1. Within 24 Å of A175 (Cα to Cα) and not aromatic (F, W, Y): is that true of T274 in this structure?
2. For the subset of the stretch 213-227 comprising residues that are in contact (Cβ under 8 Å) with a residue 24 or more places away in the chain and not in a loop (DSSP other than H, G, I, E, B), which member is nearest to V202 (Cα to Cα)?
3. From the list K265, K244, pick out the single residue that is out of contact with any helix residue (DSSP H, G or I) (no Cβ under 8 Å at 6 or more places or on another chain) and in a loop (DSSP other than H, G, I, E, B).
4. Go through (1) at pLDDT 90 or above; (2) more than 21 Å from I121 (Cα to Cα); (3) among the acidic types (D, E) and name the single condition D75 misses.
5. Might you check whether a residue that is under 28 Å from L58 (Cα atoms) and surrounded by fewer than 19 Cβ atoms within 10 Å (Cβ to Cβ) occurs anywhere in the stretch 269-279?
6. Being more than 19 Å from Q281 (Cβ to Cβ) and free of Cβ contacts under 8 Å to residues at least 24 places away in the same chain is true for just one of A158, A131, A142, A171. Which residue is that?
7. Residues that are over 26 Å from the mean Cα position of the chain (by Cα), more than 22 Å from N98 (Cβ to Cβ) and not in a loop (DSSP other than H, G, I, E, B): does the stretch 274-281 have at least one?
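The values are calculated or read from the model by the stated rules, or taken from the named source; none is laboratory data. Note that the structure is predicted; figures quoted are calculated from it, not measured. All Cβ positions, even for glycine, are placed from backbone atoms using ideal geometry, and neighbour counts span all protein chains on display.
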Amino acid sequence: MKAVDLPQPAAKARHTLAWRLAAAGLTAFALAGAALAQAATVGIVAAENFYGDVARQLGGTHVNVESILNSPDQDPHLFEASPKTARALQHADIVVYNGADYDPWMDKLLAVAKNDKRKTIVAAALVGKHAGDNPHLWYDPATMPKVAHALTDALKAADPAHSADYDANLATFVASLKPIDAKVAQLHARYAGVPVTATEPVFGYMADAIGLAMRNERFQLAVMNDTEPSASDIAAFEQDLRKKQVRVLIYNSQATEALTRRMLKLAQDSHVPTASVTETQPPGKTFQQWMLSQLDALAAALGNAKQ
């Protein structure tokens, strides 16, 4: 009788199982590689959350951004750094902060949390400002485009593989600032030379861009520097409100101390409109939305002023 080769189900099963295991292994390896690539994002630490927001818009999914000052209820002048902050800075690929003595604790932390590979971007250095100048640089329309370009250069150096993405995001970001510039131009055309006052110089650069005639600047500097304004400066401020020599009172809603509350009450009694600004970007808004909302509020206040 002719020999018949019988099927070998066990061997075939072992072969099929081995193939499936190999395929599963390759799949797992691919998934692990994808997860690793996804996890290999550029780490950015921003001292202030508006710089952090810009970094996030520019980096997209390729970055992990941590902002140190991120609450509108937090007075930036009273901030105290923690060991957690120092650790975050030490492991960051890119650090961005304001400078001009607005966040002096950053220089101290960076000196302790050393990292030779870290790229540091200081907004004040980009726009030629120093200690003693008005440090609220983000209200100057010229600041954020320069910060955005510097951040994009740093991102491309840290992650060349996604350079095209970063360039595209930069173009989108710069275009998104045009409505802010348009609003500033509109306000300038209508209100240039109009006298206003403020409790602090937080909005100073934007007021300059609009062309507003800012009064009581010595008072504002004293409040910003946590010193008591002189009696004559307080009297001049109060007279401006009582006699309605200013169209609007701009105030920092993150620092409403007794003297600020006093001026707000006097403005209310004298029917002088007020406009609130903040030093920290509110949650749920982008930098662009934040700027536009404050410009809209100022426009409404200027429009409501009765002479």
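1. Here the answer is no, as T274 does not meet what is asked.
2. We begin by selecting, within the stretch 213-227, every residue in contact (Cβ under 8 Å) with a residue 24 or more places away in the chain; these are 215-216, 223-224, 226.
Still in the list and also not in a loop (DSSP other than H, G, I, E, B): 215, 223-224.
On the way: R215: 14, V223: 11, M224: 9 Å.
Checking each candidate, the answer is M224.
3. Criteria check complete, one pass: K244.
4. For D75, the exception is condition (1).
5. The answer is yes, given that some residue of the stretch 269-279 is under 28 Å from L58 (Cα atoms) and surrounded by fewer than 19 Cβ atoms within 10 Å (Cβ to Cβ).
6. Answer to the selection: A171.
7. no
For (1) in contact with a Pro (Cβ under 7 Å, 6 or more places away or on another chain); (2) surrounded by fewer than 18 Cβ atoms within 10 Å (Cβ to Cβ); (3) at positive phi; (4) at pLDDT below 95, each residue gets a yes or a no:
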| site | (1), (2), (3), (4) |
| --- | --- |
| M224 | yes, no, no, yes |
| A235 | no, yes, no, no |
| E238 | no, yes, no, no |
| L241 | no, no, no, no |
| K244 | no, yes, yes, no |
| N252 | no, no, no, yes |
| T256 | no, yes, no, yes |
